[in-house]
Ligand SMILES: [Zn+2]
Ligand SMILES: [Zn+2]
């Protein structure tokens, strides 16, 4: 057993969990293609190439024999996990050097990795559909999904010499709707804008306008049949904003009614969602409109 034994053990464990893995070079860059694989060739499909270490994340596999061979071929490489719908994995990549931070109101606990550069990787199940490369309105937070990968423990960051390490032992959880909403690509300008009412920063909420927009957007995007549940979830989220002083109750109600109507919900259903959601968060609903 060499000193890179733990890397192989970690790679095989991730693969057994269902995550396709591959190895980056020591520099944290993908390994160079072999001479038979041209960098640019429209007739060459990286997804079906089949070479052990060519084409970056396309080489990712769950096959233990291939992983073992790859580990032998890429001496002291960094372990990486392919992300995206194919792998049911979307990773929120928080880089404090660029102003990123964990936003507890948007990001519930899930599997977490402390990166070798002092950041955080939050692993979530992929919600389906297209995700943006960056979390809107939040500098220093990227989203790794289709066409991406993340460096995994126990890799050592080549720049800092620090390891990537798992923090806690939480499972990979689902993204809640407000997080999914801010991970979506920004809507084209002609899409109906969410109703954003005047807001003041509240306790523990860094950008109330973005958070409210995310809750309302989740309602707008909820599939038929799930709308009532999503509206209730949004009402709870908005109630917490009211409790934090980020939004007045009348403004919260007005925004939720507008979102409910836009999603084809009756005012009666919206009123029930607001009453239930606010009650669940112990926030008063006196003077509730409509
Ligand atoms: Zn090749
Ligand atoms: Zn190839």
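The values are calculated or read from the model by the stated rules, or taken from the named source; none is laboratory data. What you are looking at is a predicted structure, and each value in this text was computed from that prediction instead of being measured. Cβ: placed from backbone, ideal geometry, glycine included. Neighbour counts: every protein chain shown.
Couple of notes before you dig in:
- Take the conditions (1) closer than 24 Å to residue 25 by Cβ; (2) free of Cβ contacts under 8 Å to residues at least 60 places away in the same chain; (3) touching a strand residue (DSSP E or B) at 6+ places or on another chain (Cβ under 6 Å); residue 118 misses just one of them, which is (3).
- Any strands (runs of 3 or more DSSP E) falling wholly within the range 1-95 and containing at least 3 residues that are within 23 Å of residue 124 (Cα to Cα) and more than 16 Å from ligand 1 (Cβ to nearest atom): 78-82, 90-94
- Filtered residues of the range 48-75 (kept if surrounded by 15 or more Cβ atoms within 10 Å (Cβ to Cβ), in contact (Cβ under 8 Å) with a residue 40 or more places away in the chain and over 28 Å from residue 128 (Cβ atoms)): 70, 71, 74
- Condition check for residue 220: modelled with pLDDT of 85 or more and over 26 Å from residue 111 (Cα atoms): no
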